[in-house]
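Quick notes on the structure that follows.
The values are calculated or read from the model by the stated rules, or taken from the named source; none is laboratory data. From a predicted model like this one, the values you see are computed outputs, not experimental measurements. Glycine also receives a Cβ, built like all others from the backbone with ideal geometry; neighbour counts cover every protein chain displayed.
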């Protein structure tokens, strides 16, 4: 029996996940401090409530062994990104990964350094 798929994160939830991926397992206070860098108007109460809701939805795990609960993403960053990318490719690019890559390359969303990294990946021997 397979585990049920987690709900797709909202934009606000993705921001919390981004912070937690960068920080690692963290308390609400630590996440709040990190959130202030991008959005100084963010309140501690809003961050705590968002983390609690995300835990209830299954997007986060919560370690309650300490007085200050520690939150962490329920899935690895790569897994979250892969699921979102699959959905984007399906919805916006008619299922074509090639169309997505071409749009990113043509749209100026890829730096010269990133292009070189992509080219190196393409040049790798698939037999390795």
Residues within the range 69-81 that are surrounded by 11 or more Cβ atoms within 10 Å (Cβ to Cβ) and either touching a helix residue (DSSP H, G or I) at 6+ places or on another chain (Cβ under 7 Å) or assigned to a loop (DSSP other than H, G, I, E, B) (or both), tallied: 8
Could you say which residue among 53, 48 is touching a helix residue (DSSP H, G or I) at 6+ places or on another chain (Cβ under 7 Å) and surrounded by 12 or more Cβ atoms within 10 Å (Cβ to Cβ)? 48
Show the residue pairs that are 6+ apart or on different chains and have beta-carbon atoms under 7 Å apart, the first residue being within the range 27-50 and farther than 16 Å from residue 70 by Cβ, the second being not in a helix (DSSP H, G or I). 35/42; 36/42
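Results for (1) assigned by TED's automatic domain parsing to the domain that holds residue 104; (2) out of contact with any strand residue (DSSP E or B) (no Cβ under 7 Å at 6 or more places or on another chain); (3) assigned to a loop (DSSP other than H, G, I, E, B); (4) closer than 29 Å to residue 104 by Cα, shown as yes or no for each residue.
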| residue | (1), (2), (3), (4) |
| --- | --- |
| 15 | no, yes, no, yes |
| 37 | no, yes, no, yes |
| 40 | no, yes, yes, no |
| 54 | no, no, no, no |
| 67 | no, yes, yes, no |
| 90 | yes, yes, no, yes |
Need the failing condition index for residue 94 against (1) closer than 21 Å to residue 18 by Cβ; (2) part of a loop (DSSP other than H, G, I, E, B); (3) modelled with pLDDT of 90 or more, just the number. (1)
If you check 9, 40, which single one turns out to be buried (at least 18 other Cβ atoms within 10 Å of the Cβ), at negative phi and modelled with pLDDT under 95? 9
Within the range 82-111, which residues are surrounded by 13 or more Cβ atoms within 10 Å (Cβ to Cβ) and either more than 23 Å from residue 9 (Cα to Cα) or over 18 Å from the mean Cα position of the chain (by Cα) (or both)? 93, 96, 99, 100, 101, 103, 104, 105, 110
